[in-house]
Amino acid sequence: MQIVVTGGAGFLGSHLCDRLLSDGHSVVAVDNYITGRRSNIEHLFEHERFVFLKHDVSSHIHVDGDVNFVMHLASPASPIDFERFPIQILKVGALGTHNALGLAKAKNAGFFLASTSEVYGDPLVNPQPESYWGNVNPVGIRGVYDEAKRFAEAMTMAYYRIHQVDTRIVRIFNTYGPRMRANDGRSMPSFIAQAIQGKPLTVFGEGQQTRSFCYYEDLIDGLVKLVHSGEHYPVNIGNSNEITILELAETIIRVCNSSSSIVYEPLPQDDPRLRRPDTSRANRILQWEAKIPLEEGLKKTIEYFKTHEKVV
Ligand code: NAD
Ligand code: UDP
């Protein structure tokens, strides 16, 4: 297939480009580098089946030739970006999704939306099944991201129902691995960089909030399986091993063999207290489940931060 990947220079987008190329597809990656990096994809610049377009997908997207699938991953995704780039996030979730759907419709292509567990907001049920409608504060600082993705899902379903575009929606839960930026602000890269440098790990609140961390290889495998399924309704993809953020910090200190201590800082507004995917739909529809244990993924990610992010 000829596949367009928006957000192709980001953490997940660049790994997806690698996987699609190794599966024999041709890839057009589109990215404006707002939170992505050339270094994530420059190893692909000489690849004969890879094309890169530097472009903001919140403006009309033009791609030459045939397209079989549009995979829309473009969006800043770290909570610190929710305060830095609120309008860009709303635009890429709304206008960017509309443009990417329009491209899919014009090319008679399939469409894939990277949505998020944030559509569940600060959830009142745990684990979260796809049938849960969520608990989102639309005017809080996280609302720009949550509402943009909720709008994007609604727009995707409208293109499926009205224009018969062959759509997919994945709700991605916390995913980590190589190519996250050390200064990205999310817990995983922040804690790893702090532990390697022997600095205190900054745990927000009392660290009793939970998350469930999925290694990127498992996640990408789930995305590819979803592309090849005929499923139009949202599917959760994530690891169901739920841990507290304090446990994550302690585990990273141990796996890094670090002398770092832990400091407690204020909990950000609307920070979800619990998060764990109910992956029974992914198990049933895609025969997918996360396989890589936290410590194994952590070791690979720590190694990457030491060798590539120059964190010492
Ligand atoms: P990332 O910030 O590394 O990647 C996002 C990419 O999109 C970046 O390369 C950025 O430059 C690009 N981008 C943003 N706005 C753009 C625009 N207007 N035009 C063109 N390119 C634009 O983040 P990520 O973790 O790789 O996330 C990728 C996708 O997965 C996002 O849609 C995110 O919402 C979703 N997601 C990620 C996670 C996770 O844990 N990593 C969880 C849930 C959802
Ligand atoms: N967090 C933390 N210290 C940090 C960064 C994040 O304690 O330096 C917390 C954050 O408040 C949240 C959890 O870790 O409760 C996961 O945050 P992350 O940014 O990884 O993603 P989120 O799931 O909130 O989108």
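Below is a table of values for the structure above.
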| read-out | value |
| --- | --- |
| Residue match in the range 221-234 (condition: touching a strand residue (DSSP E or B) at 6+ places or on another chain (Cβ under 7 Å) and part of a strand (DSSP E or B)) | no |
| Enumeration of residues in the range 154-192 that are within 16 Å of SER212 (Cα to Cα) and away from ligand 1 (no atom under 14 Å from the Cβ) | PHE191 |
| In the range 53-80, the residues that are more than 7 Å from ligand 1 (Cβ to nearest atom) and either surrounded by fewer than 20 Cβ atoms within 10 Å (Cβ to Cβ) or modelled with pLDDT under 95 (or both) | LEU53, LYS54, SER59, HIS60, HIS62, VAL63, ASP64, GLY65, ASP66, ASN68, PRO79, ILE80 |
| Residue match in the range 209-216 (condition: within 13 Å of ligand 1 (Cβ to nearest atom), at pLDDT 95 or above and of a type in the set (Val, Ile, Thr)) | no |
| All positions within the range 93-120 that are in a helix (DSSP H, G or I) and in contact with a helix residue (DSSP H, G or I) (Cβ under 7 Å, 6 or more places away or on another chain) | GLY93, ALA94, THR97, HIS98, LEU101, LYS105, GLU118, VAL119 |
| Residue in the range 6-21 that is within 7 Å of ligand 1 (Cβ to nearest atom), of a type in the set (A, V, I, L, M), assigned to a loop (DSSP other than H, G, I, E, B) and surrounded by 14 or more Cβ atoms within 10 Å (Cβ to Cβ) present | yes |
| Every residue from the range 159-176 that is within 13 Å of the chain's Cα centre (by Cα) and either crowded, with 24+ Cβ neighbours inside 10 Å or assigned to a strand (DSSP E or B) (or both) | ILE169, VAL170, ARG171, ILE172, PHE173, THR175, TYR176 |
| Subset of the range 121-148 (residues that are outside any helix (DSSP H, G or I) and among the hydroxyl-bearing types (Ser, Thr, Tyr)) | SER131, TYR132 |
| Verdict on THR279 being over 25 Å from GLY36 (Cα atoms), surrounded by 21 or more Cβ atoms within 10 Å (Cβ to Cβ) and of a type outside the set (Lys, Arg) | yes |
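The values are calculated or read from the model by the stated rules, or taken from the named source; none is laboratory data. Just so we're clear, the structure is a prediction, and the values are computed from it rather than from any experiment. With ideal geometry, Cβ positions are generated from the backbone for all residues, glycine too; neighbour counts draw on all protein chains shown.
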